[in-house]
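Read through the structure below, which is laid out as structure tokens, and then see the notes.
The values are calculated or read from the model by the stated rules, or taken from the named source; none is laboratory data. Every value quoted in this text rests on a predicted model; they were computed, and no experiment measured them. Positions of Cβ are backbone-derived with ideal geometry, glycine not excepted, and every protein chain shown enters the neighbour counts. SASA here: full protein model, heavy atoms, side chains in, ligands and nucleic acids out. Shrake-Rupley method; radii C 1.70, N 1.55, O 1.52, S 1.80 Å.
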Amino acid sequence: MDFGEQIKSIRKKENLTQEQFAMKLNVSRQAVSKWEQGAGYPEVEKLLVLSNRLNISLDSLMAAEIAGESS
């Protein structure tokens, strides 16, 4: 599962709208939408916040992207 799919899955599992999820992470709804569509990634600082607030390791969050780089 790529980064965007993971973010969307986590958000839906928590029963949050993009707006609510964005507020939880202190980002815009547009940023969440962009991430979920695979049109971009959060800044490093936001990745750390995501990892911490969602209780998921950075390795797990970025696994598909890391695997894609090594192919």
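Miscellaneous remarks
- Pair list, Cβ < 9 Å and 6+ apart or interchain, from segment 47-60 residues that are among the acidic types (Asp, Glu) to residues that are modelled with pLDDT under 90: Asp59/Ile66
- Test for Ala63: is it among the small types (Gly, Ala, Ser) and either touching a helix residue (DSSP H, G or I) at 6+ places or on another chain (Cβ under 6 Å) or open to solvent by 60 Å² or more (accessible area, probe 1.4 Å) (or both): no
- Tally of residues being small (Gly, Ala, Ser) and closer than 23 Å to Ile66 by Cβ across segment 1-38: 4
- From the options Val49, Val27, Val32, residue that is closer than 19 Å to Met1 by Cα and open to solvent by less than 70 Å² (accessible area, probe 1.4 Å): Val32
- The residues of segment 1-24 that are of a type in the set (Phe, Trp, Tyr) and either open to solvent by 60 Å² or more (accessible area, probe 1.4 Å) or under 14 Å from Ala39 (Cβ atoms) (or both) amount to a single one, Phe3.
- The lone exception for Gly38 - which of (1) touching a Gly at 6+ places or on another chain (Cβ under 9 Å); (2) over 18 Å from Asp2 (Cα atoms) it fails: (2)
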